Structure formats: structure tokens, C-alpha cells
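Take a look at the structure set out below.
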Amino acid sequence: MNLVECHLCPRHCRIPEDGRGNCRVRTNVGGKLYSLVYGKPCAVHVDPIEKKPVFHLLPGTKSFSIATAGCNLHCRYCQNWEISQRAPEETENLDYAA
């Protein structure tokens, strides 16, 4: 069995060939770990800085927000659950890969 251990988060998923990690976006292809969301965000926005969880950082300015599908945390009451708990093929993704 050609397992790959992912070290991108504390879960350290052991992913079998053609399998995926808990996040649904890391996969084992031929014994190598690949991202299925590289350059493929499903959310791109410019938001007011006040919407972010940073206290008194440049009030009145804008921040750039970008997100991809998948997350390994499964937090209850996540405000981004529509994308964080989905696999990349279940979201509408942009293609920014060069």
C-alpha cells in the first residue's frame, strides 16, 4: 500500500493511493501529495477590514479575502460551512493557476 502522510495540519492524515485526507483537498497520486485546490479559489472578495477578526487594524480600509473548498476542522456554527465542508468538485471554482 502506497501511503502518504500529510503534514499540513495536526491531523497528519495517512492517505492511501488515490485517496483524500480529512480536508477533502489533499490527495495521494502515485505516492505524492497533491492539492486539488491550488489556484482554484471558490470565493474571492474585497471586504471592509471591520468584517475581519482583527482589532483596530487600519479602520476604514479594505481587505482581500480568498478561499478554497475543504477544511479539516468541522467547526460547529462555521460561517463558511458552504465551502469549508465541501470537496472541490462540489464548489464553483475559478481557475487562477498559471
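For this structure, a couple of remarks:
- Sites listed here are chymotrypsin sites (Phe, Trp or Tyr not before Pro) in the range 5-56 whose DSSP assignment is loop and whose Cβ has at most 13 other Cβ atoms within 10 Å: Tyr38, Phe55.
- Low-density loop cleavage sites - GluC sites (Glu not before Pro) in the range 57-98, where at most 14 other Cβ are within 10 Å (DSSP): Glu92
- Range in the chain, longest, excluding exposed trypsin sites (Lys or Arg not before Pro) [loop by DSSP; at most 15 other beta-carbon atoms within 10 Å]: 12-75
- As a fraction of the 1.4 Å probe accessible area of the chain, surface on carbon and sulfur atoms comes out at 56 percent.
- Between the listed residues Ala69, Tyr96, His7, the Cα displaced farthest toward the positive end of the dipole of the chain, a dipole computed from Cβ unit charges relative to the Cα centre, is found at His7.
- Between the alpha-carbon centres of the range 53-95 and the range 2-47 there is a gap of 17 Å.
- Rolled with a 1.4 Å probe across the full set of protein chains, the surface gives His74 an accessible area near 80 Å².
- Under 5 Å between amide hydrogens, built in the peptide plane, is the criterion, and for Lys40 it picks out Tyr96 among residues at least 5 positions away or on other chains.
- Considering the range 51-98, its Cα convex hull presents a mean projected area of 5.1 nm².
- Per residue value of the accessible surface for the range 2-49 (all protein chains in place, 1.4 Å probe), Å²: 60 Å²
The values are calculated or read from the model by the stated rules, or taken from the named source; none is laboratory data. Predicted model, so just to flag it, every value in this text is computed and none were measured. For neighbour counting, all protein chains shown are included, and Cβ atoms are generated from backbone atoms with ideal geometry for every residue, glycine included. Surface accessibility is based on the protein's heavy atoms, side chains included, excluding ligands, DNA and RNA. Shrake-Rupley method; radii C 1.70, N 1.55, O 1.52, S 1.80 Å.
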